[in-house]
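What follows is one structure encoded as structure tokens, with my remarks underneath.
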Amino acid sequence: MGEGVRRAVTWIAAGVVAVPIVLALRMNRPRPTLWSGLGELPPCDGFDFPVGAPDGDGYYDAQPFGRNYHLGNDWNGNGGGDSDLGDPVYAVANGVVGHTRDHHGGWGRVLRIVHACGVESLYAHLDTLEVPVGVTVRRGQRIGTIGTAHGVYRAHLHFELRTQPLPLGGGYAADTTGFLDPTAYIRAHRPLR
Ligand SMILES: [Zn+2]
């Protein structure tokens, strides 16, 4: 074998060993979750309501947490029907947007915000998504508008608070592990004014 050929064979042999090792290391790397890779999260300084900010004025919860195994709140305008279609939705606390996507089906457009206090807020069936992933938002900042999930429902905001980086899920479950009663949590964590 000439020197050049020998060198080439050595490099190919090294590649045959190295490539599987690199792939194996990559596969063992923890998969990124919604809560990782968002950079510095702004400090939590309390929670407001996601509609009728800051206090939820003009809205009622048509399906509280736990009723029919509901994992969130269904915020509706006091006017009923689609009277709240297009109304603003606000970030409940300071955080970073971790997810915005149109899932269609029963979810429609969904926006999720990760908060430094170990809580994630989730806003579903939105008519518009107004802030992109990775952006820092402040409590009370407008992030989207109330929608119908493309006509699946009368307009309302399905709203969840979570304590773990969970998949989207189904919105209803008997096991509430990783989910908070949003209204109870917000009431217990109102900002100092
Ligand atoms: Zn709901």
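Things to note:
- Karplus-derived 3J(HN,Hα), 6.51/-1.76/1.60, for each residue of the range 83-91, Hz, glycine and proline x: 4, 9, 4, x, 5, x, 10, 10, 4
- Pairwise Cα inverse-distance average, inverted: Kirkwood Rh of the range 59-188 (Å): 14.5 Å
- Evaluated at q = 0.13 Å⁻¹: base-10 log I(q)/I(0), Debye formula over Cα of the range 57-105: -0.44
- Neighbour-count ranking [beta-carbon atoms within 10 angstrom, fewest first] of R109, R190: R190, R109
- Around the Cα centre of the range 59-188, unit charges on the Cβ atoms of Lys, Arg, Asp and Glu (plus for the first two, minus for the last two) sum to a dipole of about 280 debye.
A short reminder: the numbers here are calculations on the coordinates, not readings from a lab. Bear in mind the structure is a predicted one, so any value in this text is a computation, not a measurement. We place every Cβ from the backbone using ideal geometry, glycine too, and count neighbours over all the protein chains shown.
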